1. Of all residues in the range 2-29, which are among the small types (Gly, Ala, Ser) and closer than 16 Å to GLN117 by Cβ?
2. I'm trying to understand the selection: among the residues of the range 29-51, which are surrounded by fewer than 16 Cβ atoms within 10 Å (Cβ to Cβ) and touching an Asp or Glu at 6+ places or on another chain (Cβ under 8 Å)?
3. For the range 68-98, which positions are assigned to a strand (DSSP E or B), polar (S, T, N, Q), within 20 Å of HIS39 (Cβ to Cβ) and more than 12 Å from the chain's Cα centre (by Cα)?
4. Do you know which residues across the range 99-113 are touching a residue at least 40 places away in the same chain (Cβ under 8 Å), of a type outside the set (S, T, N, Q) and in a loop (DSSP other than H, G, I, E, B)?
5. Being of a type in the set (D, E, K, R) and touching a strand residue (DSSP E or B) at 6+ places or on another chain (Cβ under 7 Å) is the filter; apply it to the range 67-79 and report the residue that is farthest from LYS128 (Cα to Cα).
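Where a number appears in this text, it was derived from the coordinates with a stated rule and is not lab data. Fair warning: this is a prediction, and the values are worked out from it, not measured in the lab. Note that each Cβ is placed from the backbone with ideal geometry, even for glycine, and that neighbours are counted across all protein chains shown.
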Amino acid sequence: MNKEVRVGVAAVIFRDNCLLLGERIGSHGSETWATPGGHLELGENIEECARREVLEETGLVVKSITKLGFTNDIFEKESKHYVTLFVIASCGDGEPRVTEPDKCKQWKWCKLNELPQPLFLPLINLLKEYPNINDLPID
C-alpha cells in the first residue's frame, strides 16, 4: 500500500430532492457513482477546492458551501488511502456538463431513494454516517 494518505474534497449538491452524481472512469473507483470532487492542493482551503473541482468537473458555479464531515477511505485493491472532506454545495441554475471526459462518463440528478450502484467508497462511508440520506443537514 502507498504510504501516503491523500486528502480529497467532495461536494454534495442537491436540487429538487435529487443528488448530483457522476459515473467515474479512468481512476480508482472507476465505474462507480460519486459526487463532484478531487484532491486538495497545497495551500488551498477546503472551500476553494470544492469550488474549483465542481467548476472543473461540471461547469457549475458554487454559490455557498457548508462543511459536512469527513470519511476515512481505504481502497485496498488500488492500495490507496484517502481522507475525504465532504461539503454541501449550493449551485445556481444550469445543468452539469461532462467537462473531463477522461474522468467522468456522465452526470445525473439522482432521486435519494433511487441512487445508482455501485457508489464510490467515500460516498458509501458517508452514507454509513447518515443511513437516512434525508438526515443530511441541507437547506
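1. Within the range 2-29, GLY22, GLY29 qualify.
2. GLU31
3. Listed by number, the list holds a single entry, ASN72.
4. GLU100, ASP102, LYS103, LEU112
5. Applying the filter and picking the extreme gives LYS67.
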